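The values are calculated or read from the model by the stated rules, or taken from the named source; none is laboratory data. Since the model is a prediction, treat every value here as computed from it, not as a measurement. Virtual Cβ from ideal backbone geometry, glycine too; neighbours counted across all protein chains shown. The protein model used for the area step is the full one, side chains on, heavy atoms only, and it has no ligands, DNA or RNA in it. Shrake-Rupley method; radii C 1.70, N 1.55, O 1.52, S 1.80 Å.
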Amino acid sequence: MSHIAELQQGDSLKAIQLDPVSRLDLIKYAGASGDFNPIHTIDEEAENAGLPGIIAHGMWTMGNLAKLFTPYIEEGFIQDYTIRFRKMVFLDDVIILTAKLLNNDTELMEFRVAAVNQHQQEVMNGVVKFQCYQD
Amino acid sequence: MIKELIGKQSEPVKNTVERGAVKKFAQAIGDPAPIYINEAAGRNSKYKRNIAPSTFPVTFDFGSISELKLPNKGLIHGEQSFHYKRPLLVGEDVYCHMEIKDYVEKKGSNGYLGFLILNQYGMDTNDALIFKEKSMIIINETVRKEMLV
């Protein structure tokens with residue numbers, strides 16, 4: 001595995017494609033996070049809220065994206081992670097997680113991150129600032 | 001009026017970064033890496049112990065502000081950010097509180113939307129900051145009326 005600090009401006013981390021979103025994914029996340037808003041797990045509740053079906057927790061997608069950086073956790077840590085949620089994620093959506101390096105600073109590396117669905121729409125995007133250890 | 005609550009803070013609540021909770025959370029976000037869940041991997045790492053994923057603070061109790069009654073339904077999470085001084089360590093105690101940072105209403109196509117900014121803080125046992133979170137929550141008119149009942 002290469003080192004994160006070897007990346008050049010404009011390079012991307014290896015993208016990750018998630019399995020199609022399943023109800024069980026969201027039930028597990030509800031349990032693990034404590035977010036039991038029923039629009040994420042129960043069809044009728046989602047429909048009552050005016051949605052075509054249940055939607056993923058925004059924080060489920062945000063949590064998933066951070067794993068792009070997990071292989072480098074011995075080299076540094078996520079200092080800042082900022083996301084704007086732009087579109088809803090539905091059951092069976094196929095999400096691709098991406099991170100592209102924006103700067104040329106080997107101490108505080110700034111990435112533009114995004115989660116993109118099968119319609120090439122960004123469902124969320126933002127910035128990760130990865131602080132590299134200097135020792 | 002929510003706007004009058006700007007500046008209000010909750011009393012800090014002690015949370016422990018529990019091993020089992022971290023494992024369950026890491027699995028739920030599809031990131032069950034050894035650094036989070038394997039004790040030997042943690043011991044042999046730079047951190048000398050396991051750490052928690054960056055979005056793990058969503059599991060913490062940040063206390064409550066009695067005047068702010070956010071419903072379980074009908075809220076939209078617009079934006080979220082985390083700022084860390086260092087990663088969270090498995091087993092450590094974190095003292096968490098929140099603050100109502102800002103609230104504005106803007107006219108949308110379905111009446112006025114409320115934009116609530118909550119800041120949440122996690123401090124170590126010496127009262128030094130470990131992380132700060134900022135959430136922007138959108139509250140529509142229907143939900144807002146229910147909150148006032």
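Per residue, the accessible area of chain A comes to 48 Å², computed with a 1.4 Å probe over protein heavy atoms only.
Solvent exposure of the range B:3-115 amounts to 51 Å² per residue of accessible area, where only protein heavy atoms count and the probe is 1.4 Å. Quick one: if the Förster radius is 25 Å, what FRET efficiency do A:His3 and B:Glu92 give, using the C-beta to C-beta distance and rounding to 0.05? Efficiency at R0 = 25 Å is approximately 0.35. In chain B, the DSSP-assigned H stretches of four residues or longer account for a calculated mean residue ellipticity at 222 nm of -4500 deg cm²/dmol, using -39500 (n - 2.57) per stretch and the full residue count as denominator.
Out of the total accessible area of the range A:35-135 (probe 1.4 Å, heavy atoms of protein only), what percent is carbon and sulfur? Display every interim value, and only then the final one.
On the way: 2130 of 4370 Å².
For the range A:35-135, the apolar C and S fraction of the accessible surface comes to 49 percent.
Across all Cα pairs in the protein assembly as shown, the calculated P(r) in 10 Å bins from zero up to the longest distance comes to 6, 27, 36, 24, 7, 1 percent per bin.
Its DSSP H runs of at least 4 residues, each contributing -39,500 (n - 2.57), put the calculated 222 nm mean residue ellipticity of chain A at -5000 deg cm²/dmol, to the nearest 500. Taking Cα atoms only, the orientation of helix A:23-33 departs from the longest principal axis of chain A by about 70 degrees.
Local charge sum around B:Asp93 (other residues, Cβ-Cβ under 10 Å, Lys/Arg +1, Asp/Glu -1)? It works out to a net charge of -1.
Once C-alpha pairs closer than 8 Å and six or more residues apart are averaged by separation and normalised to the residue number of the range A:1-95, the relative contact order reads 38 percent.
For a straight C-alpha distance cut-off of 16 angstrom, the lysines reachable from A:Lys100 (same-chain residues fewer than eight places away being disregarded) are A:Lys14, A:Lys67, A:Lys129.
Loop-located chymotrypsin sites (Phe, Trp or Tyr not before Pro) across the range A:38-135 with a Cβ neighbour count of 13 or fewer within 10 Å are A:Tyr133, with loop assigned by DSSP. Residues of the range A:51-74 buried by at least 30 Å² of accessible area upon assembly of all protein chains, compared with the chain on its own (1.4 Å probe): A:Met59, A:Gly63, A:Lys67, A:Thr70, A:Ile73, A:Glu74.
Between chains B and A, what is the buried accessible area summed over both chains (1.4 Å probe, protein heavy atoms, nearest 100 Å²)?
2600 Å²
The value obtained for chain B, namely the Cα convex hull volume divided by the number of residues, is 118 Å³ per residue.
Stretching A:Asn104 away from A:Asp43 to a fully extended chain increases their span by 17.3 nm, per 0.36 nm per residue minus the current alpha-carbon distance. What does a probe at B:Glu146 reach in the range B:45-80, counting residues whose amide N is under 12 Å from the point 7 Å along Cα→Cβ? Output list for this probe position: B:70-76. Comparing the full protein assembly with the isolated chain (1.4 Å probe, heavy atoms, ligands and nucleic acids excluded), the residues of the range A:7-49 losing at least 50 square angstrom of accessible area are A:Tyr29, A:Ala32, A:Asn37. The distance separating the Cα centre of the range A:65-135 from that of the range B:83-149 comes to 21 Å.
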